[in-house]
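Presented below is the structure to which this report refers.
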Amino acid sequence: MSAQTTNRTARVERQTLETRIRVTVDLDGTGRASLRTGVPFLEHMLAQIARHGMIDLEIEADGDLHIDDHHTVEDLGITLGQALAKAFGDKQGIRRYGHAYVPLDEALSRVVVDLSGRPGLVFAVDFVRERIGAFDVDLFREFFQGLVNHAALTLHVDNLRGDNAHHQAETVFKAFGRALRMAVEPDPRMTGITPSTKGAL
């Protein structure tokens, strides 16, 4: 089946001694997000992926937040990556590659994605401060590393400039949503074709 006719949705539940997470994703959604994670700033960022990627996301997480946010954020990345991988299906008929530049006031980020079937992350974001409110900015790399490993995609994230950490983060997540949207779009010239000379991704 081509990407145009495949039902590109997935639901994944992941449970460990540290977290219990449920993710539902629809690649052909309307940008709707229903989020309950206990990590408000991350929810704000996940909403950017949904809205700018035109992906419907339902995420519920119960984690050991009494310790810190680390396990919850990392496991959210893992579970979202697993859901995306299922929703991608065989990847026939899609563009495969996506990129986006997104500004927000003084901040500008570039994100490039390849649905390659191989996990790879380059995360070049030098945040101007260590925390955004109560959120530790080091956890953004953990989130994307978990996502990349389990969605089996290659991701380059570059914050090109920014003086405000909130703006830096928001441009990264908006750009990721836009790049992912481009990568999963059906390409009418690739109908029924896997976008790789290997014949599989």
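A few notes on this one:
- Of all residues in the stretch 98-117, those that are within 11 Å of Ala183 (Cα to Cα) have Cβ atoms under 9 Å from Cβ atoms of residues that are surrounded by fewer than 20 Cβ atoms within 10 Å (Cβ to Cβ) and basic (Lys, Arg), 6 or more apart or on another chain, in His99/Arg110; Ala100/Arg110; Leu115/Arg95.
- Residue check, Glu170 over 22 Å from Ile78 (Cβ atoms), part of a helix (DSSP H, G or I) and under 16 Å from the mean Cα position of the chain (by Cα): yes
- The listed residues are Ala151, Ala87, Ala134, and the only one of them that is more than 12 Å from the chain's Cα centre (by Cα) and either buried (at least 19 other Cβ atoms within 10 Å of the Cβ) or within 24 Å of Thr194 (Cβ to Cβ) (or both) turns out to be Ala87.
- The stretch 178-201 - residue that is basic (Lys, Arg) and either closer than 19 Å to Asp28 by Cα or at pLDDT 90 or above (or both) and, of those, surrounded by the most Cβ atoms within 10 Å (Cβ to Cβ): Arg178
- Taken over the stretch 173-201, the residue count meeting the criterion of being over 13 Å from the mean Cα position of the chain (by Cα), closer than 24 Å to Ile78 by Cβ and of a type in the set (Gly, Ala, Ser) is 1.
- Residue in the stretch 137-148 that is in contact with a Lys or Arg (Cβ under 7 Å, 6 or more places away or on another chain), in contact (Cβ under 8 Å) with a residue 60 or more places away in the chain and within 17 Å of Ala183 (Cα to Cα) present: no
- The lone exception for Asp105 - which of (1) at positive phi; (2) within 16 Å of the chain's Cα centre (by Cα) it fails: (2)
- Of all residues in the stretch 154-168, those being under 30 Å from Gly89 (Cβ atoms) and surrounded by 20 or more Cβ atoms within 10 Å (Cβ to Cβ) number 2.
- Residue within the stretch 13-26 that is charged (D, E, K, R), surrounded by 18 or more Cβ atoms within 10 Å (Cβ to Cβ) and under 18 Å from Glu142 (Cα atoms) present: yes
- 3 or more residues modelled with pLDDT under 95: qualifying strands (runs of 3 or more DSSP E) within the stretch 1-118: none
- Looking across the stretch 140-167, the residues that are of a type in the set (A, V, I, L, M), in contact with a helix residue (DSSP H, G or I) (Cβ under 7 Å, 6 or more places away or on another chain) and not in a helix (DSSP H, G or I) come down to Ala152, Leu155, Val157.
- Of the candidates Thr154, Thr191, the single residue that is over 14 Å from Tyr97 (Cα atoms) and among the β-branched types (Val, Ile, Thr) is Thr191.
The values are calculated or read from the model by the stated rules, or taken from the named source; none is laboratory data. None of these values were measured; they are calculated from a predicted model. Quick reminder, even Gly has a Cβ in these numbers, built from the backbone with ideal geometry, and neighbours come from all protein chains shown.
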